[in-house]
1. So in the range 20-41, with the set limited to residues that are charged (D, E, K, R) and over 13 Å from Leu60 (Cα atoms), which one is surrounded by the most Cβ atoms within 10 Å (Cβ to Cβ)?
2. How about the range 187-198: which of its residues are at negative phi, touching a residue at least 24 places away in the same chain (Cβ under 8 Å) and surrounded by 15 or more Cβ atoms within 10 Å (Cβ to Cβ)?
3. From the list Gly233, Gly211, pick out the single residue that is at pLDDT below 95 and farther than 27 Å from Leu60 by Cα.
4. Based on this model, can you work out whether Val152 counts as under 16 Å from the mean Cα position of the chain (by Cα) and modelled with pLDDT under 95?
5. How many residues does the range 48-70 hold that are within 28 Å of Glu133 (Cβ to Cβ), without any contact (Cβ under 8 Å) to a residue 40 or more places away in the chain and not β-branched (Val, Ile, Thr)?
6. Which numbered condition in (1) hydroxyl-bearing (Ser, Thr, Tyr); (2) in a strand (DSSP E or B); (3) closer than 24 Å to Leu10 by Cα is the only one that Thr49 fails?
7. Please specify each residue of the range 116-135 satisfying the condition of being within 12 Å of Gly81 (Cα to Cα) and either part of a loop (DSSP other than H, G, I, E, B) or in contact with a Leu (Cβ under 6 Å, 6 or more places away or on another chain) (or both).
8. For the range 185-240, enumerate the residues that are closer than 20 Å to Ala66 by Cα and among the hydroxyl-bearing types (Ser, Thr, Tyr).
Amino acid sequence: MNEAVFKEILREGLAPWGVSLTGSQEELMIAFAKELILANQRMNLTAITDWKEMAVKHMLDSLSAALAVDLEEGMEVLDVGSGGGLPGIPLKIFQPGLALTLMEASRKKAEFLEAACQHLFDDGFQVVWSRAEDAGQGPLRESFKLVLARAVASLRVLSEYCLPFAEVGGLFLALKGPDGPKELQEAQDAIEVLGGRVEKTIPVVLPGEAGERLLILIRKTKRTPEKYPRRAGMPQKRPL
């Protein structure tokens with residue numbers, strides 16, 4: 001890997017957004033990428049292992065969330081279905097003051113997330129090994145200022161996973177691909193039922209051939225009815 005090329009891709013990709021990383025933040029991004037690639041030899045964390053693609057499709061894609069939300073010091077943030085730590089870990093590298101919770105249903109992936117965070121950060125993180133449907137009916141319900149999810153499920157399903165965790169007045173940010181507008185149209189009723197209202201959408205074009213993304217920002221305007229999320233598997237089997 002050419003680390004200089006990795007850094008240059010990050011810098012060139014962030015510049016049009018008016019965003020930049022410090023040298024130490026760039027080094028942490030590289031360290032995280034190395035952790036992902038190494039762990040991916042033991043478990044299926046990502047299909048992307050090329051360094052250039054990883055810089056664009058993982059790091060820049062995750063950091064695009066900063067275009068939709070002001071990531072403030074001390075903000076309680078939940079990354080649902082975190083998988084390999086995306087977008088949560090790159091966002092905490094960008095804003096170290098985040099109080100980040102990574103939620104993952106796979107035990108092996110949760111163990112990877114715990115080890116990676118301990119290596120990268122001194123504090124301000126926790127890893128929760130749970131399905132969103134189960135945790136959404138527990139103590140974490142309606143306790144986060146910002147809930148994030150990337151490439152987990154269709155927006156109709158994702159809204160039921162995520163909106164129950166957002167506090168009233170808080171935000172749910174879905175990082176979606178080119179099908180985002182269609183998914184949003186199909187999810188309007190579900191979002192309203194779950195207590196949300198679409199605040200804005202932001203189209204994002206990543207460098208090279210990575211293509212278009214759509215950031216969908218939803219404001220939690222009222223409490224989610226107690227029956228949501230439904231039991232494990234139901235949101236996917238019978239979307240709202």
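The values are calculated or read from the model by the stated rules, or taken from the named source; none is laboratory data. Model, not experiment: these values are computed from the prediction. Methodologically, a virtual Cβ is constructed for each residue, glycine included, from the backbone with ideal geometry; neighbour enumeration extends over all protein chains shown.
1. My answer is Glu35.
2. Ala187, Ala190, Ile191, Val193, Leu194, Gly196 - these are the residues of the range 187-198 that are at negative phi, touching a residue at least 24 places away in the same chain (Cβ under 8 Å) and surrounded by 15 or more Cβ atoms within 10 Å (Cβ to Cβ).
3. Result: Gly233 is the single residue among Gly233, Gly211 that is at pLDDT below 95 and farther than 27 Å from Leu60 by Cα.
4. Spelling it out, Val152 is indeed under 16 Å from the mean Cα position of the chain (by Cα) and modelled with pLDDT under 95.
5. Matching residues across the range 48-70 total 1.
6. With respect to (1) hydroxyl-bearing (Ser, Thr, Tyr); (2) in a strand (DSSP E or B); (3) closer than 24 Å to Leu10 by Cα, Thr49 is out only on (2).
7. Once the filter is applied, which keeps residues that are within 12 Å of Gly81 (Cα to Cα) and either part of a loop (DSSP other than H, G, I, E, B) or in contact with a Leu (Cβ under 6 Å, 6 or more places away or on another chain) (or both), the range 116-135 yields Val127, Ser130, Arg131.
8. Scanning the range 185-240 gives a single hit, Thr201.
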